There are 4 protein chains.
Amino acid sequence: MVCAIQIYEKPRLNNPVLIEGLPGIGFVANIAALHLIHELSAKLFAEIRSSSFQDLAVTTETGGTRSPTNELYYYKSRDGCRDLIIWHGNTQALTTFGQYELCGRVLEIAEDLGCRFIMTLGGFKKEEITETPKIYCAASDLETLKEALNLGAKIMVGQIFGVAGIMVGLSKLRGIKSFSLLVETFGAYPDANATRHALTTLNKFLKVNIDLSKLDSAAEQTRKTLESFGVIKNVIQEKKKEEQKFRWFI
Amino acid sequence: MVCAIQIYEKPRLNNPVLIEGLPGIGFVANIAALHLIHELSAKLFAEIRSSSFQDLAVTTETGGTRSPTNELYYYKSRDGCRDLIIWHGNTQALTTFGQYELCGRVLEIAEDLGCRFIMTLGGFKKEEITETPKIYCAASDLETLKEALNLGAKIMVGQIFGVAGIMVGLSKLRGIKSFSLLVETFGAYPDANATRHALTTLNKFLKVNIDLSKLDSAAEQTRKTLESFGVIKNVIQEKKKEEQKFRWFI
Amino acid sequence: MVCAIQIYEKPRLNNPVLIEGLPGIGFVANIAALHLIHELSAKLFAEIRSSSFQDLAVTTETGGTRSPTNELYYYKSRDGCRDLIIWHGNTQALTTFGQYELCGRVLEIAEDLGCRFIMTLGGFKKEEITETPKIYCAASDLETLKEALNLGAKIMVGQIFGVAGIMVGLSKLRGIKSFSLLVETFGAYPDANATRHALTTLNKFLKVNIDLSKLDSAAEQTRKTLESFGVIKNVIQEKKKEEQKFRWFI
Amino acid sequence: MVCAIQIYEKPRLNNPVLIEGLPGIGFVANIAALHLIHELSAKLFAEIRSSSFQDLAVTTETGGTRSPTNELYYYKSRDGCRDLIIWHGNTQALTTFGQYELCGRVLEIAEDLGCRFIMTLGGFKKEEITETPKIYCAASDLETLKEALNLGAKIMVGQIFGVAGIMVGLSKLRGIKSFSLLVETFGAYPDANATRHALTTLNKFLKVNIDLSKLDSAAEQTRKTLESFGVIKNVIQEKKKEEQKFRWFI
C-alpha cells in the first residue's frame, strides 16, 4: 500500500491553490490549516494512511479512536478568492522515503484537480523573537517571490525541512509554482501568535478574508490532538537527531 | 513480495467478524485466538509470510521446522453466533512499514469475504492489577461502544500500539467498524488469567459459547512457540525502545 | 528493481534439487556450492543483483571488477544423480526485507524450472568441535527427516538464520520440501573441514559422486573473494548485533 | 515513486558514453561533470527526484529554492568525440536501497538511448598525495583496461563505493562496458587539482578537447552548492560510519 487513499469526492475546482498544513516547527501550518477549514467550512474529500505513519491508534475521551492520518479538504470560492485544496493532518511521515511517497501522491491528486500553485506555511525557529514576529519567504520563481516581498516578507536563507521542502522540489519537476511563508517562532509548542501573522499575510496574498478571532481555539485543538499522539513532547528531543546522513563515496 | 500469501480455500461466509490475534502485550490476543481455533475447530484457509518478519526458521523437537507466519482461519456458525475469521500468528511485522502492509493485505482478504466488523483483543499494561482484571474498550462508533460498555468494560484512554492500532485506522478508512477489548495485565509473559476475562467478555459480545477449561494449555503452547522464536525474552528490553520518532520540521 | 535478474538460459531440468550456497556461518554452504560448480562443471544460467546488496564494487588484481552478486548454475545429471540448481554468491542481502525478496525471486525461478526440493547447507556454531564434526539436520517433513537421520545426522535444535531459514519457510508455503544439513564449526572463517563432512553427507543423500580432493582450493578461493568485499573481517563484530527487534505491542 | 523522473527531451544519440558525476570522494566526479556541462554546453534532458534523497529544500541568496536532484545532460559530438550523456547532481541517494534504485533507473534511460559504455570518475582517498596526483583505473574488461593503462593510469586495488561501484555491477549484468578513473585526493573538500588530472586523462581517452582554464570556478560552484545542502561539513564525520553490515548467518 505505502499510501492507502480513500477519495470520497472529486470536486471540480478552478485553478486551485494547494495549502500544505501538516505539523512542523511551531505547528504554524497545522493550526493555520485547521483554522482555514473551520472558517471556510472546507469539505473533506480524501483521506490518506501511509505505511510510514505511526503504527498506533489513540482513544478519545469518549471511547472513540483517532489514527495517524492526512486529509484533503476543498473550498470553492464564493468571493473572488481562489479555490483552495487544504492538506491537513496529525502527522508527517516518519521516514524520508515515506515523506517523498506521501508528497508524490498528494501532488498527483492536486494536479489531477487542476492545481498549478502550492503554498507551504511554516515556522522558522529562532532563539529570540520579537512581539511582531518577522516573516520570511522563498518561492519557485522571481515573479512569485516579488509578490511575497511586496507583502512585507523577507527573503529566507537556509533549509526548509520535511514535507514543505519536498513539495517545493517535486512540484518544480512538474512545472508547478510554489511559495513558502515562514514565521519566526520558538518552535516547540503550537504557536498561535506566529500563526496569526502567517494567516494575515496569507489573507493579503490570496485575497481570502479569514476572520482570526477564533484562532486560539484552533491552536488549542491542535495541541490536544498532537499531545494524544505523543508528538509534542517528543519534538524537542528529536530535533537534535535531525541530521542527514551521507553514506556514498566513490 | 512484501507479503507472500497462499490462499488454500475461499470460504463463503455470512457477514463475518475478523478477530485479530497476534502476539502483543500479555499475549492476550494470541492465546485467545489459539484457544478459539481449537475450541471452534476453525479451519485454516490462508497463510502469510512477510518480508518484514524475522529472517529465520526454528526447529521443533522432532526435527521439523517452524517459520514466522500469520494464518487466517474461518469458522462457520452453527449456533446463532456470527461467522468468524481468526487471524493468528507467531509474530507481528518488525517494522512500521511492514505492519501497515500486513494489515492492508489482511484487510483486503477479510473485506473480500464480506467482513464489515473487526475485533482486536489486547493487554493493557499496568504495574498493579487486581485478581479480577479490569477490562477496557474503544470503538469506531458510539453504538458499538455502547454495547461494549453494557458488558462491563470501561472506556480506555491512551494509545493502542501495533497491528491492533493500525487495524482501527485502516478499517475506518473503508467504513468497517471496529472494537478493541483490552484487559489489564503485567504484560511481559503469556497471561492466561487476563485472556480468560477477555474471552468471557467476547463470549457475551459475540454470543459464542466458548468453553474455557483448556485455556491454560493454549497459554502454554503460546509461550513455547514464542520462546522458540526468541520473542518472549526480548519483550521487556525492547519495550523501552518503543518510542516513535518525529523527524519532520518545516 | 529490488532484484535485477538476468536470465541467460532457461534449462530443461528433470525434478531438480535447489542447493543454497550463500556465505554464512563457517562459509560451509558457500565453499560447498563453489566446489560443486567446479566438480560438476555446472553452467551459469542466471545472475541477480539486489538493492539490498552492498553498494560497492571491488577490483581484482588484474584491474577487473567484481560486484556483490548471486548466481544460479544448473547441472544436468549424467549418472543417475538428480538434476541440480546451485545457488552461489558472494553475499546475502543486507536487510531482512532484502533477504525475503531475494529468496522469493530465487524460489520463483526454481519452481518455474520444476524444482520441488530444496537443500540448504550450513555451519552450526559451536565453541568446541571434535575432529570429526557432528552433523545436524532439520526437514520440512518426517519422511525427508528420516532419510537424513539414516545418514548419521542428528536432529538440530535451535534457530536457522538468514537465507537458509527463510527458504524453509517460503518453500513450505508452496508445498516444496526442504532439508537443512548443518555441520559443527567455529564459524568465523571458511571451514574446509566442516564443508568436507557436509559434502560427504550430501554425496550419500543425493547419490552424486563428488571428488573432494580439491576442496581446499575452493575454500581458499572463497576466503579471498569474501575478504575482498570486507565480509570476513566483519563477521565476528557484527554477530553481536544479530538480535531481532520486536516493536509491536497491543 | 522511489524515483520521480521528468524527461524533457529524448535525444537521438550515436553510441553515447555515460559519464557519472555525482558527489563523492574529493568531489572529483561532481566538479568534472559540471565543468563538462559548461564547456560543452551540454543540454539538460531529464531530472530525477528520489524518495531516498534528503527531505528538504534550500533557499538561494535570491529567494529561490534548490532541491536534492539528479540531472541528465546530453552532448552531441561536433568534432569526432563521441556523444555523451552526463549525469550530474547535488546528491547521491541516502540508503543502499535508494542507490541501487537510482542507478537502475539511470541505466535504463541510458541504455534506451543506445549507451553501451559507462565512465565513472572519482577520488581515491590518500593520506598523502604528490603534487601530480597518481591516477588509477579499473575496467569491465581487459581491452578497455589496456586503453586506460596506455594513458598512464595504474591498476586500482580496493573497493569502489557508492554509485560508481554499483554502476559497474549493474552495467555488467546488461553487457555494458565500464571504466573507472580514480585520482588521488585528500577527499574531504572539492579538489580542483585532482579533477584537473582526471579531466586531462579523460580528454585523452575520449578525444574530447576540454579547456580546463575555468575549472576552479566549477569547483567553487560545487563547493557552494554542497555546503548549502550541508553535505560538505558532514562528509568527514560520516566517513567513519561507512561500514557495511552483514547480518545473515546460517
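The values are calculated or read from the model by the stated rules, or taken from the named source; none is laboratory data. Being a predicted model, the structure only gives us computed values, none of them experimental. Backbone-built Cβ (ideal geometry, glycine too); neighbour counts: all protein chains shown. What goes into the accessible areas is simple: the full protein's heavy atoms, side chains included, and nothing from ligands, DNA or RNA. Shrake-Rupley method; radii C 1.70, N 1.55, O 1.52, S 1.80 Å.
Checking the conditions here, which among C:94, C:107 is among the hydrophobic types (A, V, I, L, M, F, W, C) and at pLDDT below 95?
Details: C:107 fails: at pLDDT below 95.
From the options C:94, C:107, the qualifying one is C:94.
Given the criteria open to solvent by 20 Å² or more (accessible area, probe 1.4 Å) and in contact with a strand residue (DSSP E or B) (Cβ under 9 Å, 6 or more places away or on another chain), does residue C:113 qualify? Talk me through it step by step, then tell me what you get.
Details: open to solvent by 20 Å² or more (accessible area, probe 1.4 Å): no; in contact with a strand residue (DSSP E or B) (Cβ under 9 Å, 6 or more places away or on another chain): yes.
Criteria not met by residue C:113.
Out of all the residues in region C:192-210, which are more than 28 Å from residue B:62 (Cβ to Cβ) and either touching a Ser or Thr at 6+ places or on another chain (Cβ under 6 Å) or in a helix (DSSP H, G or I) (or both)?
C:192, C:193, C:196
I'd like the residue in region C:178-210 that is among the charged types (D, E, K, R) and out of contact with any helix residue (DSSP H, G or I) (no Cβ under 6 Å at 6 or more places or on another chain) and, out of all such residues, is modelled with the lowest pLDDT. Give the steps one after another, and end with the answer.
The initial filter retains those residues of region C:178-210 that are among the charged types (D, E, K, R), namely C:184, C:191, C:196, C:204, C:207.
After this cut, where a residue has to be out of contact with any helix residue (DSSP H, G or I) (no Cβ under 6 Å at 6 or more places or on another chain) as well, the list is C:184, C:204, C:207.
Values: C:184: 93, C:204: 90, C:207: 86.
Among residues in region C:178-210 that are among the charged types (D, E, K, R) and out of contact with any helix residue (DSSP H, G or I) (no Cβ under 6 Å at 6 or more places or on another chain), the one modelled with the lowest pLDDT is C:207.
For region C:96-108, which positions are surrounded by fewer than 22 Cβ atoms within 10 Å (Cβ to Cβ) and touching a Lys or Arg at 6+ places or on another chain (Cβ under 9 Å)?
Selection gives C:104 alone.
Hey, among the residues in region B:132-176 that are in a loop (DSSP other than H, G, I, E, B), more than 7 Å from every other protein chain (Cβ to nearest Cβ) and without any contact (Cβ under 8 Å) to a residue 60 or more places away in the chain, which one's surrounded by the fewest Cβ atoms within 10 Å (Cβ to Cβ)?
Here the residue is B:175.
Could you pull out the residue among D:59, D:91 that is within 14 Å of chain A (Cβ to nearest Cβ) and more than 30 Å from residue C:52 (Cβ to Cβ)?
Details: D:91 fails: more than 30 Å from residue C:52 (Cβ to Cβ).
Testing whether each residue is within 14 Å of chain A (Cβ to nearest Cβ) and more than 30 Å from residue C:52 (Cβ to Cβ) leaves just D:59.
Out of all the residues in region D:49-83, which are over 23 Å from residue A:165 (Cβ atoms), out of contact with any helix residue (DSSP H, G or I) (no Cβ under 7 Å at 6 or more places or on another chain) and assigned to a strand (DSSP E or B)?
Within region D:49-83, D:74 is the sole residue that qualifies.
Check off (1) out of contact with any helix residue (DSSP H, G or I) (no Cβ under 8 Å at 6 or more places or on another chain); (2) under 24 Å from residue A:76 (Cβ atoms); (3) open to solvent by less than 80 Å² (accessible area, probe 1.4 Å); (4) of a type outside the set (D, E, K, R) for residue A:230 and give me the number that stays unchecked.
Residue A:230 satisfies every listed condition except (2).
Restricting the search to region B:47-77, which residues are farther than 18 Å from residue C:100 by Cβ and small (Gly, Ala, Ser)? Give the derivation first.
Let us first name the residues in region B:47-77 that are farther than 18 Å from residue C:100 by Cβ, namely B:59-64, B:72-77.
Within region B:47-77, B:63, B:64, B:77 meet the criteria.
How many residues does region B:116-131 contain that are open to solvent by less than 50 Å² (accessible area, probe 1.4 Å) and either on the phi > 0 side of the Ramachandran plot or within 14 Å of chain C (Cβ to nearest Cβ) (or both)?
Within region B:116-131, residues that are open to solvent by less than 50 Å² (accessible area, probe 1.4 Å) and either on the phi > 0 side of the Ramachandran plot or within 14 Å of chain C (Cβ to nearest Cβ) (or both) number 7.
Which residues, counting only those in region B:206-237, are touching a strand residue (DSSP E or B) at 6+ places or on another chain (Cβ under 8 Å) and farther than 22 Å from residue B:70 by Cα? Let's see the steps before the verdict.
From region B:206-237, those touching a strand residue (DSSP E or B) at 6+ places or on another chain (Cβ under 8 Å) are B:206, B:208, B:225, B:228-230; that's our starting set.
B:206, B:208 - these are the residues of region B:206-237 that are touching a strand residue (DSSP E or B) at 6+ places or on another chain (Cβ under 8 Å) and farther than 22 Å from residue B:70 by Cα.
Regarding region C:202-222, can at least one residue be identified that is within 14 Å of another protein chain (Cβ to nearest Cβ) and of a type in the set (A, V, I, L, M)?
no
Yes or no: region B:78-93 includes at least one residue that is open to solvent by 10 Å² or more (accessible area, probe 1.4 Å), without any contact (Cβ under 8 Å) to a residue 60 or more places away in the chain and over 24 Å from residue A:57 (Cα atoms).
Within region B:78-93 (the criterion being open to solvent by 10 Å² or more (accessible area, probe 1.4 Å), without any contact (Cβ under 8 Å) to a residue 60 or more places away in the chain and over 24 Å from residue A:57 (Cα atoms)), the answer is yes, since at least one residue qualifies.
Considering only residues of region B:68-88 that are within 14 Å of chain C (Cβ to nearest Cβ) and within 12 Å of residue B:110 (Cα to Cα), which is farthest from the chain's Cα centre (by Cα)?
Across region B:68-88, the extreme among qualifying residues is B:72.
Of the conditions (1) open to solvent by 10 Å² or more (accessible area, probe 1.4 Å); (2) within 10 Å of chain A (Cβ to nearest Cβ), residue D:28 satisfies every one except a single condition; which number is it?
Here residue D:28 clears every test but (1).
Modelled with pLDDT under 95, surrounded by fewer than 24 Cβ atoms within 10 Å (Cβ to Cβ), within 14 Å of chain C (Cβ to nearest Cβ) and part of a strand (DSSP E or B): which single residue out of B:46, B:4 fits that description?
Values: B:46 fails: modelled with pLDDT under 95.
Among B:46, B:4, only B:4 is modelled with pLDDT under 95, surrounded by fewer than 24 Cβ atoms within 10 Å (Cβ to Cβ), within 14 Å of chain C (Cβ to nearest Cβ) and part of a strand (DSSP E or B).
For region D:205-227, which positions are over 17 Å from the mean Cα position of the chain (by Cα) and either of a type in the set (Phe, Trp, Tyr) or open to solvent by 80 Å² or more (accessible area, probe 1.4 Å) (or both)?
Scanning region D:205-227 gives D:207, D:209, D:213, D:214, D:216, D:224, D:227.
Tell me which residues, restricted to region B:177-187, are outside any strand (DSSP E or B) and over 15 Å from residue B:162 (Cβ atoms).
Keep residues of region B:177-187 that are outside any strand (DSSP E or B), which gives B:186-187.
Across region B:177-187, the qualifying residue is only B:186.
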